[in-house]
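Here the structure is laid out as structure tokens; the discussion comes afterwards.
The values are calculated or read from the model by the stated rules, or taken from the named source; none is laboratory data. Just so you know, these numbers come straight off a predicted model, no measurement behind them. Cβ placement follows ideal geometry from the backbone for every residue including glycine, while neighbour counts extend to all protein chains displayed.
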Amino acid sequence: MKLEEYVLSKAKKAKDTSRNFSSTSETDKIRILNYISEELMANKNYIISENQKDVESAKNTGMSSSLLDRLLLNQERITKMAEGVQKVAQLQSSVGNISQMWKRPNGLMIGKMVVPLGVIAIIYESRPNVTVDAAALCIKSGNCVVLRGGSEAIHSNNALVKIIHQAIERAGFSKDIVQFIEITDRKAVDELMKLYEYIDVLIPRGGPSLIKNTVENSMIPVIQTGAGNCHVYVDRQADLEKALKIVENAKISRPSVCNAAEKLLVHKDIAEEFLPKIYTLFEKKVELRGCEKTLKIIPQMKAAQEEDWSTEYLDYIMAVKIVDSTEEAINHINKYSTKHSEAIITENYTIAQKFLNEIDSAAVYVNASTRFTDGEEFGFGAEMGISTQKLHVRGPIGINELTTTKYIILGNGQVR
């Protein structure tokens, strides 16, 4: 079968299945998801053995340690995946809810019903846990899904999809609910992006080049996710011990993910006290790149270049800038941010409110780490990604963000 025909067949199967699956009962959806969780736990060794093939291949190609961390699956991570599926199963879905029912003078009853989007395609890289998260969220929200993972995780993704299919069929449903494109040729993505007749929404989840290519070339509506050039601003009225703890967590806890902090802004009034502390904390752990003012305090730092302010490192690197005011910090963030997650550390309520109101990003924090921008941490069980755009959804994409509405109108013979 030709590549074009293969990709088209996957999309068609999902479309053909979506109409019936959209009306599946909550009880059946929960049963499918519970079976997926059980199958994941029962097949841990198989998943790990397949994942090791991907990890070894990635090592041979020189993949960085931070990206290898994104790829790796172990007993603990598989357990968390299985627990995540169970959490999704127990979430309250809004599908089928009717809201804002009102009566017109002519007697018509008009209301809005929450319905699934239909068929969702997701293109993603490196992280095989996305395979499970995406399938679980789509099943719970009544959507069918077409998955296309990166070539670096092909063995892991094949294994996970096989397990998901086993669970779906065990529950008595068609495995066509979850489609997986096994072809690693990038031409498969190009073909997928043309299939607007069969796919309702496309979600890219990966690096800037993947997202840029999808946004510029897709004929399918796109929900833009991913890139996280995230900032932490330490204000002149910050609790510095609190700031150290937050900056450390935001940068070091898992630098390869999109909610990790990449930039540190420090108010000039506390820079001489705070910067030596952060330098000592990060010494031999994180490469710090400072602006000219920063280098005057910590000359051992590498000099930051213009491109540093817009770069998402996904590594143990952080750029540092001294600012004269909160206004300058806000302007800098809004200029260089990818609209993902930003944080301010301050004990001043008025300044905190100004930061919350004027920062144009999906998630804005006061005195907390950017690492909380995550579906599970927000109580969604899992996420399809973090939307950095304003339509159709912004922030973590959970089950209720994978829906739309339609009007239902109840009449009694009315004509116009």
Within the stretch 387-413, which residues are surrounded by 11 or more Cβ atoms within 10 Å (Cβ to Cβ), in contact (Cβ under 8 Å) with a residue 24 or more places away in the chain and in a loop (DSSP other than H, G, I, E, B)? T388, Q389, H392, V393, R394, I397, G398, G411
Using beta carbons and a limit of 6 Å, which pairs, at least six apart or on different chains, have the first residue in the stretch 161-177 and in the same structural domain as R127 (by TED's automatic domain parsing) and the second one assigned to a helix (DSSP H, G or I) and of a type in the set (K, R)? H165/K175; I168/K175; E169/K175; A171/R31; D176/K13
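Any residue at all in the stretch 136-156 that is touching a Gly at 6+ places or on another chain (Cβ under 9 Å), among the polar types (S, T, N, Q) and within 16 Å of E182 (Cβ to Cβ)?
Here is the first cut: in the stretch 136-156, the residues touching a Gly at 6+ places or on another chain (Cβ under 9 Å) are 136-137, 140-144, 150, 156.
Okay, now just the ones that are also among the polar types (S, T, N, Q), so 141, 143, 156.
This time we only want the ones that are within 16 Å of E182 (Cβ to Cβ), so: 156.
Among the residues of the stretch 136-156, at least one is touching a Gly at 6+ places or on another chain (Cβ under 9 Å), among the polar types (S, T, N, Q) and within 16 Å of E182 (Cβ to Cβ), which makes the answer yes.
Can you tell me which residues in the stretch 17-30 are assigned to a helix (DSSP H, G or I) and loosely packed, with under 15 Cβ neighbours inside 10 Å?
Correct list: R19, N20, E26, T27, D28.
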Looking only at the stretch 298-342, how many residues end up being assigned to a strand (DSSP E or B) and either of a type in the set (D, E) or surrounded by fewer than 20 Cβ atoms within 10 Å (Cβ to Cβ) (or both)? 4
Check the stretch 364-376 and report whether any residue there is surrounded by fewer than 17 Cβ atoms within 10 Å (Cβ to Cβ), among the polar types (S, T, N, Q) and touching a strand residue (DSSP E or B) at 6+ places or on another chain (Cβ under 7 Å). yes
Does G172 satisfy the condition of being over 29 Å from R31 (Cβ atoms) and not in a strand (DSSP E or B)? no
Only one of E272, E292, E287, E347 is over 24 Å from V364 (Cβ atoms), among the acidic types (D, E) and touching a Lys or Arg at 6+ places or on another chain (Cβ under 9 Å); which? E287
Working carefully through the options K390, K321, find the one that is basic (K, R) and modelled with pLDDT under 95. K390
